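The values are calculated or read from the model by the stated rules, or taken from the named source; none is laboratory data. Just so you know, these numbers come straight off a predicted model, no measurement behind them. Backbone-built Cβ (ideal geometry, glycine too); neighbour counts: all protein chains shown.
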Protein chains: 2
Amino acid sequence: MPATDLVRELSRLLPAGHLLHDEESLGKYSHDDAEWAPFTAPLAVVLARSTAEVAAVVSYAADHGIHVVPRGAGTGLSGGANSVENCLIVSLELMTSILEIDTVEGLAVAQAGVINDDLRRAVAEHGLWYPPDPASSKISTIGGNAATNAGGICCVKYGVTRDYVRGMTVVLADGEIVHLGRRTAKGVTGYDLTSLLVGSEGTLGIITDVTVKLLPLAGREEQAIIGYFPTLRLAGDAVAAVTAEGIVPAALELIDSTCLRAVDDWMGLGLPEDVNVLLMAKIDEPGTTGADLASRLASIFHDAGGTNIEQATDPTEIERLFLARRMAYPSLERLGPVLTEDVCVPRHAVPEMLARIQASATEHDVVIANIAHAGDGNLHPLIIAPVGDDAAKARAKTAFDRIVDDCRDLGGTVTGEHGVGLLKLPGAAAELEPRVITMHQQIKNALDPHGILNPGKAFPAPEPAEELR
Amino acid sequence: MPATDLVRELSRLLPAGHLLHDEESLGKYSHDDAEWAPFTAPLAVVLARSTAEVAAVVSYAADHGIHVVPRGAGTGLSGGANSVENCLIVSLELMTSILEIDTVEGLAVAQAGVINDDLRRAVAEHGLWYPPDPASSKISTIGGNAATNAGGICCVKYGVTRDYVRGMTVVLADGEIVHLGRRTAKGVTGYDLTSLLVGSEGTLGIITDVTVKLLPLAGREEQAIIGYFPTLRLAGDAVAAVTAEGIVPAALELIDSTCLRAVDDWMGLGLPEDVNVLLMAKIDEPGTTGADLASRLASIFHDAGGTNIEQATDPTEIERLFLARRMAYPSLERLGPVLTEDVCVPRHAVPEMLARIQASATEHDVVIANIAHAGDGNLHPLIIAPVGDDAAKARAKTAFDRIVDDCRDLGGTVTGEHGVGLLKLPGAAAELEPRVITMHQQIKNALDPHGILNPGKAFPAPEPAEELR
């Protein structure tokens, strides 16, 4: 169908202003933050305001064989929201209502477009806490967080988005609306379709609202402990020692020297000389328990060779100690387009994996900086290529593939929290057994038999021989 | 095929002693602990010793159109392991090896037949803790726990089995073996098939081993606080006040007067007079934090009208305070066959639900005792009918259905932790939207197109009109 016909027909379904089809909008909505992944211009963009509107658009698209790519804030780093051939983008970013906060049950119901931080702020006013804290929490949506099963800094202790999603409203591939999950603390009625939808990247249904579990804010008292280390190996020893002592910190982040220098160059941190690696921990136990844990962490850092160890209990001071973490990504983006990796390895393999990443950087002559959720083995090598340097970009892509191979070699997974999207399709094909890939395709075919929703994302295509099963 | 041919052919696949077909075994393995649910004798029973044996048997069954009902220890309470027409029982109870304990990553790999408590004991020797603690932990298997997503007492704070299962080995409906999930702390490669299999009651695959996350044992110091209340309403107020203060106890259990009297009659508890309801809480924060929380809980109990409040920090004393909880079920079984309910309601609805249950007991002239995981709204009304009294049994079944209706009316779910099995098929049909039931059937058809695995369990059949989609 010509795009003009499509726009005319969709205009009948949608109020004015809910449909965009100007060049600028088509460009703006054609990809998420994974610019390295392929994309094309969509046919049009729908700014949905309700579940009913999403359903109407999907129903129309299904009837006309048009693909639908759902999208939250477009902060994804794997290309999961990148536009594909013959597609409508359905953006949920204007569905920003918090529909309910139930303080007795400890749950909230939020439309898909609610910004993560807005949800946190709203529930905090009721003494409640929504833990999942992706680095994008200021700009990413709760629907996108659910569709990608977003992680974050506190998940080393508090888990990921899936651990907090109890239920959801979903628009299926033919436009029908279903309600999955429950409101109660526990429940085992039928298959856990809620958990299946979380992390399915919009390929099985479009999540229009989520019901999330909340924890009490009370009883937590944050403290920060940081220390600098001369080598990755010694920082790795410190991380291993934290685990060995049975301490589960609320955050345990690592920043390597490339990253530290980039932040220092921009922000003037006044870094100590001869330091290469920064470890940043938080604990949140209250009272003397917390004080005891904080001093044990400081001792562990010291005994592992850490220097310039600092502790803070004041929120402003904690923010200062974690400044390098917060500014790492923007500091690196100043150096050129960043290709973000997201491998997750067993915790014991963190130092070895970081060493291999450095070897890849040298071998392929690219700059790689490292931010790592060291406490759970989730590493974010950030590969930087100068703008316009196609040779460097090609070398960066080679290094990216090498990192994925090394992660698999060490028993890791190719994506810890960013999702498969498009960028990790080859990695997922290496990680998943052929029959498991076929199981994905079988479930996809069962719930979206015409392949309407976000085709080609989230899992690799089965080998032809496997498809015949 | 005649059963004798089947036995002869299976005997070729299996070592001596792994196949049972005597009358007594066929009877013993024909049902789980849900004797009220229908069952029939199986064709034969396989005592599998390895994943390869399970695969060989399922492959044979698939080739010959024979159903396969997997089974752990048979402690289920919903009939999920009950034998169906034309079926082989595949018991995993002899697969009892703990294959690995990784203290750095904090995980264990256990074969499906490992008893829950045996896993706990083994990991405790390494300073680690496997939290999920169903009441059956002394006798139920980790594979059965995973297949039913078993809950327990500590899940009010620590979550259910699904929250701890990272990966698994599964035999699919055609006998092929797959490995799902991951070993790393985080991972989002593809759909969460592990979570889909957890709680699927053997209808999508047979779990032969599981990889579970462990927490450190260190840093926990258990304390118990109990109090008696004159009415359910006042006990309900105490539970609500605990939540309102932002306290998340490690256990918050309620036992009603019927249950208390049954335990007292048997065990001679020396119950105080004029008490009707017992609330039992545990907290596990260490040091002064724990001491403070314990005294706050005691104050809350007191302020809500609680009497005879006791606290304990010594393990033996804690066990004494929780004695009534542990002896509740066996005390009631002395009175006659027990039909165990498992509804879960929003926490605010606990007192109202308990009141309705008492009204049902009166109206239908049956004895109903209540054990409740009050902290998460998961109630276990235990309906007792004297042996041989068919009229009482019929009234009990009516009361059971009424409780399910009331739970739905209060926004609850028909099964909090026991699973749908056979007993909760009507309840699940009421709870799940028709299209959601169809989604279940579509996924079942996708992964088990010939309906080999545990047919008719876990979710209700779609309405005929829905099946045509």
*Give the residue, chosen from B:270, B:227, B:305, that is in contact (Cβ under 8 Å) with a residue 24 or more places away in the chain, of a type outside the set (Val, Ile, Thr), more than 14 Å from every other protein chain (Cβ to nearest Cβ) and surrounded by fewer than 19 Cβ atoms within 10 Å (Cβ to Cβ).*
B:305
*Out of the range A:14-38, which residues are closer than 30 Å to residue A:427 by Cα and either surrounded by 18 or more Cβ atoms within 10 Å (Cβ to Cβ) or touching a Pro at 6+ places or on another chain (Cβ under 8 Å) (or both)?*
A:26, A:29, A:30, A:31, A:32, A:33, A:34, A:35, A:36, A:37
*Does residue A:11 satisfy being touching a strand residue (DSSP E or B) at 6+ places or on another chain (Cβ under 7 Å), surrounded by fewer than 16 Cβ atoms within 10 Å (Cβ to Cβ) and not assigned by the TED database to the domain that holds residue A:170?*
yes
*Enumerate the helices (runs of 4 or more DSSP H) found wholly within the range B:1-78, keeping only those where 3 or more residues are more than 27 Å from the chain's Cα centre (by Cα).*
B:3-13, B:51-64
*Residues in the range B:300-322: is at least one under 27 Å from the mean Cα position of the chain (by Cα) and under 23 Å from residue B:233 (Cα atoms)?*
yes
*For the range B:409-425, how many residues are buried (at least 16 other Cβ atoms within 10 Å of the Cβ) and not in a loop (DSSP other than H, G, I, E, B)?*
2
*From the list A:415, A:438, which residue is within 24 Å of residue A:151 (Cα to Cα) and of a type in the set (S, T, N, Q)?*
A:415
*For the range B:94-181, which helices (runs of 4 or more DSSP H) that fit wholly inside it have 1 or more residues that are more than 21 Å from residue B:47 (Cβ to Cβ) and more than 14 Å from chain A (Cβ to nearest Cβ)?*
B:116-124
_With the structure loaded, tell me whether residue B:241 is over 26 Å from residue B:163 (Cβ atoms) and of a type in the set (A, V, I, L, M, F, W, C) or whether it fails that test._
yes
*Need at least 1 residues that are closer than 26 Å to residue B:361 by Cβ, in contact with a helix residue (DSSP H, G or I) (Cβ under 9 Å, 6 or more places away or on another chain) and of a type in the set (D, E, K, R) per element, so show me which strands (runs of 3 or more DSSP E) inside the range B:239-341 make the cut, counting only ones lying wholly within it.*
B:251-255
*Being closer than 21 Å to residue A:32 by Cα, at pLDDT 95 or above and among the aliphatic types (A, V, I, L, M) is the filter; apply it to the range A:115-145 and report the residue that is surrounded by the fewest Cβ atoms within 10 Å (Cβ to Cβ).*
A:139
*Being within 11 Å of chain A (Cβ to nearest Cβ), of a type in the set (Asp, Glu) and free of Cβ contacts under 8 Å to residues at least 12 places away in the same chain narrows it down to one of B:417, B:433, so name that one.*
B:433
*Within the range B:317-326, is there a residue that is in contact with a His (Cβ under 7 Å, 6 or more places away or on another chain) and either assigned by the TED database to the domain that holds residue B:271 or more than 29 Å from residue B:291 (Cα to Cα) (or both)?*
no
*Taking only the range A:194-208 into account, find how many residues are within 18 Å of the chain's Cα centre (by Cα) and either within 17 Å of residue A:121 (Cβ to Cβ) or more than 10 Å from every other protein chain (Cβ to nearest Cβ) (or both).*
3
*Unmet criterion (only one of (1) in contact with a Gly (Cβ under 8 Å, 6 or more places away or on another chain); (2) within 13 Å of another protein chain (Cβ to nearest Cβ)) for residue A:443*: (1)
*Inspect the range B:455-462 for any residue being touching a Ser or Thr at 6+ places or on another chain (Cβ under 7 Å), part of a helix (DSSP H, G or I) and either surrounded by 24 or more Cβ atoms within 10 Å (Cβ to Cβ) or within 10 Å of chain A (Cβ to nearest Cβ) (or both) and give the result as yes or no.*
no
_Single unsatisfied condition, residue B:191 versus (1) surrounded by 24 or more Cβ atoms within 10 Å (Cβ to Cβ); (2) of a type outside the set (D, E, K, R); (3) within 9 Å of chain A (Cβ to nearest Cβ); (4) out of contact with any Lys or Arg (no Cβ under 9 Å at 6 or more places or on another chain)_ = (4)
*Can you name every residue in the range A:342-379 that is of a type in the set (D, E, K, R) and more than 21 Å from residue A:322 (Cα to Cα)?*
A:347, A:352, A:356, A:363, A:365
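Please verify whether residue A:299 is within 14 Å of chain B (Cβ to nearest Cβ) and either of a type outside the set (Phe, Trp, Tyr) or under 30 Å from residue B:288 (Cα atoms) (or both), treating the condition exactly as stated.
no
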*From the list B:384, B:437, which residue is of a type in the set (A, V, I, L, M), modelled with pLDDT of 95 or more and not assigned by the TED database to the domain that holds residue B:134?*
B:437
*Could you tell me which of the residues A:238, A:251 is under 26 Å from residue B:187 (Cα atoms), surrounded by 19 or more Cβ atoms within 10 Å (Cβ to Cβ), more than 9 Å from chain B (Cβ to nearest Cβ) and more than 25 Å from the chain's Cα centre (by Cα)?*
A:238
*Taking residue A:342, is it touching a strand residue (DSSP E or B) at 6+ places or on another chain (Cβ under 7 Å), in the same structural domain as residue A:241 (by the TED database) and either farther than 30 Å from residue A:418 by Cβ or not aliphatic (A, V, I, L, M) (or both)?*
yes
*Can residue B:225 be described as of a type in the set (Val, Ile, Thr), under 22 Å from the mean Cα position of the chain (by Cα) and either at pLDDT below 95 or not in a loop (DSSP other than H, G, I, E, B) (or both)?*
no
*asked:* One residue is enough: does the range A:368-389 have a residue meeting the conditions of a type in the set (S, T, N, Q), away from every other protein chain (no Cβ under 13 Å), under 26 Å from residue A:332 (Cα atoms) and part of a strand (DSSP E or B)?
replied: yes
